[in-house]
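Scroll down for the structure; my scribbles are underneath it.
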Amino acid sequence: MDQEKFLKLVGDNIKRIRMKRGLNARTLADRMGVPVGSVEMIEKGLVLTSLVDIYEISSVLEVDPVELFR
């Protein structure tokens with residue numbers, strides 16, 4: 001899998017889980033302490049995100065970080 005597809009996969013998983021939890025992108029961003037644009041770019045697979053961000057996202061979404069990569 002190339003980097004572009006991987007980033008899209010992770011972003012799609014974040015968005016799917018976020019929506020399943022009934023959260024919008026702004027709420028996720030607020031709980032992470034980042035601008036909503038950052039969450040939107042991560043979900044679209046447009047940026048390489050840090051492990052710290054992955055940890056924060058998984059904490060807010062109450063999932064094991066591994067779930068974001070499946």
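Are any of the residues in segment 9-25 in a loop (DSSP other than H, G, I, E, B), acidic (Asp, Glu) and surrounded by fewer than 17 Cβ atoms within 10 Å (Cβ to Cβ)?
Scanning segment 9-25, I find no residue that is in a loop (DSSP other than H, G, I, E, B), acidic (Asp, Glu) and surrounded by fewer than 17 Cβ atoms within 10 Å (Cβ to Cβ), so the answer is no.
Output the qualifying pairs, or none if there are none: Cβ atoms under 6 angstrom, residues six or more apart or on different chains, first residue in segment 20-34 and within 9 Å of Val60 (Cβ to Cβ), second residue open to solvent by 40 Å² or more (accessible area, probe 1.4 Å) and at pLDDT 95 or above.
Met32/Glu56
Does segment 48-59 contain any residue that is of a type in the set (Asp, Glu), surrounded by 15 or more Cβ atoms within 10 Å (Cβ to Cβ) and part of a helix (DSSP H, G or I)? I'd like the intermediate steps shown before the answer.
Step one: filter segment 48-59 for residues of a type in the set (Asp, Glu), giving 53, 56.
Now drop any that are not surrounded by 15 or more Cβ atoms within 10 Å (Cβ to Cβ), which leaves 53, 56.
Still in the running and part of a helix (DSSP H, G or I): 53, 56.
Yes, that holds for at least one residue.
The values are calculated or read from the model by the stated rules, or taken from the named source; none is laboratory data. The structure presented is a predicted model; accordingly, all values stated were derived computationally and were not measured. Heads up, the Cβs are rebuilt from the backbone with ideal geometry, glycines too, and the neighbour counts pull from every protein chain shown. Accessible surface is based on the protein model in full, side chains and every heavy atom, while ligands, DNA and RNA are left aside. Shrake-Rupley method; radii C 1.70, N 1.55, O 1.52, S 1.80 Å.
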